[in-house]
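So the structure is just underneath, and the comments pick up after that.
The values are calculated or read from the model by the stated rules, or taken from the named source; none is laboratory data. Predicted model only: the values in this text are computed from it and were never measured. As a convention, Cβ positions derive from the backbone with ideal geometry for all residues, glycine included, and neighbour counts pool all protein chains shown. Ligands, DNA and RNA are stripped out before the accessible areas are found, and what is left, the full protein with its side chains, is counted by its heavy atoms. Shrake-Rupley method; radii C 1.70, N 1.55, O 1.52, S 1.80 Å.
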Amino acid sequence: MLVVTKFGGSSLSCASQFTKVKRIIEADAKRKIVVVSALGKRDNSDTKVTDLLYILHAHLKYNVPYEDIWKLIYDRFIAVKTELNLEYDIAIDLDILKLELNKNISEDYLVSRGEYLTAKLMSSYLGYQFVDAKELIIFNYDGTINYEITEKKVKEAFNAYGVMVVPGFYGAYPNGSVKLLSRGGSDVTGSILAKCLTVSLYENWTDVSGIMAADPRIIDNPKSIKEITYAELRELSYMGANVLHEETVFPVQSINIPINLKNTNNPLHPGTLIKNVCEDTSEIVTGLAGKKEFVSFNISKNHMSNEVGFLKKALAVFEKYAVSVEHIPSGIDCFSVVVAKQNVERFKYDILSELKTELGAVVTLDEDIALVAIVGRNMAHKIGLCGKIFKTLGDNNINVKLLAQGPSELNIIIGVAQNDYELVLKVLYDKLMA
Ligand code: ASP
């Protein structure tokens, strides 16, 4: 049984966090593959090494003196080495990097040094073999991962070393040039390694105890979700819950590897387990999430219901403007098309007038809508749940502007005025989940 264990930047912000990581790795012999982000923030006013490296690159590119920013980066790495008394002489690698700094150094290469150097420190500390991600994660020239080569290389490395630390966030093109994943991409590195080695579990360690059942900026101390399916996670993430890098899920979900989100600062907390199938039925609602800034185009026309192709004509207008449609709540002779505000902001009046002329319909625009998603695999066939939701909203004087429930009954989406958004989350959380 093997576990891939990935640590985010806050779990690696300083020497004392490294100590916690070591304790976690040593507590379970299955944790043989460790993926690290770059040194993260030590507190809220601090800057992540990755961000410092991006800034350093901008200084080089625009020929601005960069000594101060370089020193910040240098000192952060040296501090970890010194405090942990590591054998690895990171000053040599830092000096080499300093010599490589020039106007033409690639941004991807320079920024990837955050993870590279952090992984070298960690490998020295754990006594695990350092394996450069450049040798493992191989991209095609179109930017997709070449799984055939990557899997072969990952297996070879693991068979050769048995225990290894791999820097996250980057790989290389077949010609060896370093390519970054998108921001937060160390999650994806962990997931790719988990898939290539068909491990039994992918652990993702951060500074929170799993996924919160609602946004902690709105709900005081929400509970953390014990188990969640990949499908539920997709619904919550799509509606704004910020959990894992979007591309993390696919490699592991497709071969049924669960992900356990854990807290480096509270390792005994079970965190959240993400799986394809969850047995736990103790909660009806798994989580709440929501987003503001939607607009609704409300389209009505007498006897529209008899006009074949009417909906298609309306959607063609949105397609023309490359606007993705979120929801289409409908009545008999009217329906609404709900879209994200930012996608239509610049041409909403063009769309409005085109809908009017193309369809011969009355079209109005309803702005400032917020959507709230109530998500739960155990919600299907729970008679009375909708009653409870709407009674709660009614008791609190909240007007529901639109409503959608997918056929899988995995989620119920409610559209409300943006001003009611926080209140909706609070009253629903209290009633359904507290
Ligand atoms: N260090 C990178 C970032 O800040 C990648 C990661 O942490 O996953 O985006």
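Go through the stretch 97-108 and count every residue that is more than 14 Å from the ligand (Cβ to nearest atom) and either within 24 Å of residue 181 (Cβ to Cβ) or basic (Lys, Arg) (or both). Total satisfying the criteria: 8.
For the stretch 367-395, give me each residue that is in contact with a Gly (Cβ under 9 Å, 6 or more places away or on another chain) and open to solvent by 40 Å² or more (accessible area, probe 1.4 Å). The answer is 382, and nothing else. Right, residue 103: touching a helix residue (DSSP H, G or I) at 6+ places or on another chain (Cβ under 9 Å) and not in a helix (DSSP H, G or I) or not? In short, yes.
Among the conditions (1) outside any loop (DSSP other than H, G, I, E, B); (2) closer than 24 Å to residue 379 by Cα; (3) of a type in the set (A, V, I, L, M, F, W, C), the only one that residue 218 does not satisfy is (1).
Of the residues making up the stretch 312-339, not one is open to solvent by 70 Å² or more (accessible area, probe 1.4 Å), modelled with pLDDT of 95 or more and within 22 Å of residue 403 (Cβ to Cβ).
Just to be sure I understand, how many residues within the stretch 22-49 are within 16 Å of the ligand (Cβ to nearest atom), of a type outside the set (D, E, K, R) and surrounded by fewer than 23 Cβ atoms within 10 Å (Cβ to Cβ)? Number of matching residues: 2.
Counting only helices (runs of 4 or more DSSP H) that sit wholly inside the stretch 333-414, those with at least 2 residues that are without any contact (Cβ under 8 Å) to a residue 24 or more places away in the chain are 348-359, 385-395.
Per-residue answers, yes or no, for (1) modelled with pLDDT of 95 or more; (2) part of a loop (DSSP other than H, G, I, E, B); (3) away from the ligand (no atom under 16 Å from the Cβ); (4) out of contact with any Cys (no Cβ under 9 Å at 6 or more places or on another chain):
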{"residue": "155", "(1), (2), (3), (4)": "yes, no, yes, no"}
{"residue": "160", "(1), (2), (3), (4)": "yes, no, yes, yes"}
{"residue": "175", "(1), (2), (3), (4)": "yes, yes, yes, yes"}
{"residue": "188", "(1), (2), (3), (4)": "yes, no, no, yes"}
{"residue": "193", "(1), (2), (3), (4)": "yes, no, no, yes"}
{"residue": "199", "(1), (2), (3), (4)": "yes, yes, yes, yes"}
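Here is a check on your reading of the model: is residue 188 among the β-branched types (Val, Ile, Thr), open to solvent by less than 50 Å² (accessible area, probe 1.4 Å) and over 20 Å from the mean Cα position of the chain (by Cα)? Here the answer is no, as residue 188 does not meet what is asked.
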